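> Quick one: structure below, then a few questions.
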Amino acid sequence: MTPTHPSTYGKLIVFEGIDGTGKSTQIKGLADYLTGHGYSVTLLREPTDGPHGRRIRQLATAGLDGISAEEECELFRLDRVEDVARNIRPALERGDIVLLDRYYFSTMAYQGARGLDMDQIRRANEAFAPIPDRVLYLDLAPEASIERIRSGRGETPNLFERREFLETVRANYQSFGGDGWIPIDASRSREEVLREIIQALEASDLWTAPSLDAK
Ligand code: TMP
């Protein structure tokens, strides 16, 4: 894999999946691989470290149950509006490969699991947010993802309730598809998952295809 059009518009690659599927580990692995092959890579995540993202994290620590699904959805949208303007578009305009940890598919899957209409969320987001070139969806059963969080991060995600919620979020993700959507079985070792991600990207002509968002 070598850079083909270093001066053209960049590529937007999104990682999605329920909590504990290894998204951030895989993003680091892919970033190292791409950087080693001469690509310029920008790493981003949502919620961001901007004012709306910080507010979301504060609320999450206090328990997101305190706000309605609509308010939650709006906070994620506002955070994304800022992320697109300040970080995502400028990086794409520089020609970078942007690796983004969560995007509007998270809002569809999670706030959809709280009862909101997923198509409406997609439309509201695609009105301002660039359509990603590829979405790597890391699929894992909630039992396994909760166990990874417990053993890996030393957190003890309570609850039966959380597991039930994540089952719904996963079912939402599994209902998505279409252009650029790449499901990855995340139950295997991190090395195997990274190998599959790299193979899937190489097989998908990403490097030569025009960006989906380039106008
Ligand atoms: P993180 O653990 O990946 O940083 O994400 C924080 C939590 O926020 C995670 O449980 C997923 C959730 N989330 C949403 O509910 N909607 C969204 O739009 C985003 C980006 C994240």
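> With the other protein chains left in place, how much accessible area per residue, in square angstrom, belongs to the chain at a 1.4 angstrom probe?
On a per-residue basis, the chain sits at 50 Å².
> Once amide H atoms are placed 1.01 Å from N in the peptide plane, what residues at a sequence separation of 5 or more from Arg45, or on another chain, have their amide H within under 5 Å of its amide H?
Asp101
> Quick one: Kirkwood hydrodynamic radius for segment 25-82, alpha-carbon pairs, angstrom, one decimal?
13.2
> Quick one: among Pro51, Pro183, Pro132, which has the greatest mean-square fluctuation in a GNM of the chain with alpha-carbon springs under 10 angstrom?
With Cα springs under 10 Å in the chain, the top fluctuation among Pro51, Pro183, Pro132 is at Pro51.
> OK, next. With every protein chain left in place, what is the accessible area of Lys28 in Å² (1.4 Å probe, nearest 10)?
Lys28 has an accessible surface of roughly 120 Å² with all protein chains in place.
> Could you work out how far helix 51-62 tilts from the main Cα principal axis of the chain, as a 0 to 90 degree angle to the nearest 10?
The two axes meet at around 40 degrees.
> Then there is this: Could you give each residue of segment 132-140 its phi-based ³J(HN,Hα) in whole Hz, using Karplus coefficients 6.51, -1.76, 1.60 with θ = phi - 60°, and x for Gly or Pro?
Couplings: x, 6, 9, 10, 8, 9, 8, 9, 8 Hz.
> Taking amide hydrogens as modeled 1.01 Å from N in the peptide plane, which residues meet the under 5 Å criterion relative to Trp181, leaving out close sequence neighbours?
Val135
> Determine ³J(HN,Hα), in whole Hz, for all residues of segment 72-83 in sequence, where each value follows from phi through the Karplus function 6.51 cos²θ - 1.76 cosθ + 1.60 and θ = phi - 60°; x replaces Gly and Pro.
Each residue of segment 72-83 in turn: 4, 4, 5, 5, 5, 5, 4, 4, 6, 4, 5, 4 Hz.
> Please report the spacing between the Cα centers of segment 65-81 and segment 30-64 in Å, no decimals.
Going from one Cα centre to the other spans 17 Å.
> Share of segment 43-83's accessible area from carbon and sulfur, percent, 1.4 Å?
54
> Further question on the same structure: Counting pairs of alpha carbon atoms under 8 Å apart in space and at least six apart in sequence, what relative contact order in percent does the chain give?
32 percent.
The values are calculated or read from the model by the stated rules, or taken from the named source; none is laboratory data. Here the structure is a predicted model, which is why all the values come from computation and not from measurement. The accessibility values were calculated without ligands, DNA or RNA, using every heavy atom of the protein model including side chains. Shrake-Rupley method; radii C 1.70, N 1.55, O 1.52, S 1.80 Å.
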